[in-house]
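Step one of this worksheet: look at the structure below.
The values are calculated or read from the model by the stated rules, or taken from the named source; none is laboratory data. It should be emphasised that the depicted structure is a prediction, and the values quoted were computed from it without experimental measurement. Here the Cβ positions follow ideal geometry from the backbone for every residue, glycine too, while neighbour counts run over all protein chains shown.
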């Protein structure tokens, strides 16, 4: 009798629509829960697969084809390799052809260290993925302007492009980017030694919204190119990396001071023609914005510019003045006149022979937030000397006197 009144069984897949099931899936916070969702039944697995936005995988046309058929709405694909964990042959042009045909929604593609790919494979990406916004082909050493230009001509919404170590890239590519990728915001050209001032001038003639530019070790870039960038991208530029650009000097710094008031990160390590006056001008201009400054091996700077930086740039978090041999304790003296604690978290003063325990003590009196201090090869700053002077370092501060401590993740590295 009781069985006659039993409620009929209800199938959730007949009651809830696909959109309602997707809404449930979107509310799951952890990746593990989302994977379990797909184990319920084939329908739920299909919904879970089509909602997947990010993938990280190894190469192989067959595997990539299967992934493309299953994960139809993927926006980000990571096929990057590392120098220490690479495998042969890795990603090939055939893989890129599959990606171009199968992942039509793709916006972010990481091919870092995929050394086998050539211009032919990159051309297929340019032809097949017009929605692409971010590409990293750093250390893909076979690429040239030909393949990268085809990419730029096909991907007009490109926002981020990293080409570190692509030694065959020339000014010609920068001209193509200028004409086709007006929304470009982030460009990494580290080690692209064929880039010159002419190329940078062409680039910013069309790309005037660049926020991040890395031209470290581009030995043919000088003041003319940097000044063009500073003027054209005045309102957008936040990060500029010029490591070992030995032709860059005071003219570039004055231009940055004049136009780029919102600069947050500046790396000029190895730019030995930069001197005190231009850095003081920059410190005053960017006193509210500057957070990270690397100027190791800038041998012409002295206490006057460093003191100005420390007193003016109250939001400075990371500073590297390694091998600036003329800097002394006097650079820290004016910190005692500050009304508030200085927020510096990372300080590198390695190989600064004129800095002593006294100077470090002046810094610590005004800086309670220090997390990492590098004093290697500073003969007048030793652990014994600091202990004898009774210096009190912040609780979580790592001090590198002689060894190799794990450094915090910072743009200065």
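Keeping to the range 54-66, report how many residues are in contact (Cβ under 8 Å) with a residue 24 or more places away in the chain and in a helix (DSSP H, G or I).
3
Which ones in the range 240-299 are surrounded by 24 or more Cβ atoms within 10 Å (Cβ to Cβ) and in a helix (DSSP H, G or I)?
Listed by number, the residues that qualify are 252, 253, 256, 279, 282.
From (1) crowded, with 20+ Cβ neighbours inside 10 Å; (2) more than 18 Å from residue 223 (Cβ to Cβ), pick out the condition that doesn't hold for residue 209.
Checking residue 209 against (1) crowded, with 20+ Cβ neighbours inside 10 Å; (2) more than 18 Å from residue 223 (Cβ to Cβ), the one that fails is (1).
Examine the range 72-87 for a residue that is at pLDDT below 85, surrounded by fewer than 18 Cβ atoms within 10 Å (Cβ to Cβ) and touching a helix residue (DSSP H, G or I) at 6+ places or on another chain (Cβ under 7 Å), and state whether such a residue exists.
Yes.
Can you find even one residue in the range 326-333 that is touching a strand residue (DSSP E or B) at 6+ places or on another chain (Cβ under 9 Å), buried (at least 22 other Cβ atoms within 10 Å of the Cβ) and not in a loop (DSSP other than H, G, I, E, B)?
The answer is no; no qualifying residue exists.
I need a count of the residues in the range 372-385 that are in contact with a helix residue (DSSP H, G or I) (Cβ under 6 Å, 6 or more places away or on another chain) and not in a loop (DSSP other than H, G, I, E, B).
Adding up the residues that qualify gives 1.
How many residues are buried (at least 22 other Cβ atoms within 10 Å of the Cβ) and part of a loop (DSSP other than H, G, I, E, B) if we restrict to the range 217-239?
The total comes to 4.
Being farther than 23 Å from residue 166 by Cα and either modelled with pLDDT of 85 or more or in contact with a strand residue (DSSP E or B) (Cβ under 7 Å, 6 or more places away or on another chain) (or both) narrows it down to one residue among 54, 107, 32, 43; which is it?
Within the list 54, 107, 32, 43, the selection yields 54.
Within the range 191-201, how many residues turn out to be closer than 20 Å to residue 112 by Cα and buried (at least 19 other Cβ atoms within 10 Å of the Cβ)? Working first, answer last.
So the first thing to find is which residues in the range 191-201 are closer than 20 Å to residue 112 by Cα, and the list is 191-193.
Okay, now just the ones that are also buried (at least 19 other Cβ atoms within 10 Å of the Cβ), so 191-192.
Total meeting the criteria: 2.
Against the definition (over 26 Å from residue 52 (Cα atoms), part of a helix (DSSP H, G or I), in contact with a strand residue (DSSP E or B) (Cβ under 9 Å, 6 or more places away or on another chain) and modelled with pLDDT of 95 or more), how does residue 187 come out, yes or no?
Working: over 26 Å from residue 52 (Cα atoms): yes; part of a helix (DSSP H, G or I): no; in contact with a strand residue (DSSP E or B) (Cβ under 9 Å, 6 or more places away or on another chain): yes; modelled with pLDDT of 95 or more: yes.
It is false that residue 187 is over 26 Å from residue 52 (Cα atoms), part of a helix (DSSP H, G or I), in contact with a strand residue (DSSP E or B) (Cβ under 9 Å, 6 or more places away or on another chain) and modelled with pLDDT of 95 or more.
If only one of 146, 182 is under 23 Å from the mean Cα position of the chain (by Cα), modelled with pLDDT of 95 or more, surrounded by fewer than 18 Cβ atoms within 10 Å (Cβ to Cβ) and closer than 25 Å to residue 218 by Cβ, which one is it? Give the derivation first.
Values: 146 fails: under 23 Å from the mean Cα position of the chain (by Cα).
Selected residue: 182, the only one of 146, 182 that is under 23 Å from the mean Cα position of the chain (by Cα), modelled with pLDDT of 95 or more, surrounded by fewer than 18 Cβ atoms within 10 Å (Cβ to Cβ) and closer than 25 Å to residue 218 by Cβ.
Mind checking which residues of the range 335-354 are crowded, with 17+ Cβ neighbours inside 10 Å and touching a helix residue (DSSP H, G or I) at 6+ places or on another chain (Cβ under 6 Å)?
335, 342
So which residues in the range 118-147 are in a helix (DSSP H, G or I) and touching a strand residue (DSSP E or B) at 6+ places or on another chain (Cβ under 8 Å), if there are any at all?
Of everything in the range 118-147, just one residue is in a helix (DSSP H, G or I) and touching a strand residue (DSSP E or B) at 6+ places or on another chain (Cβ under 8 Å), namely 125.
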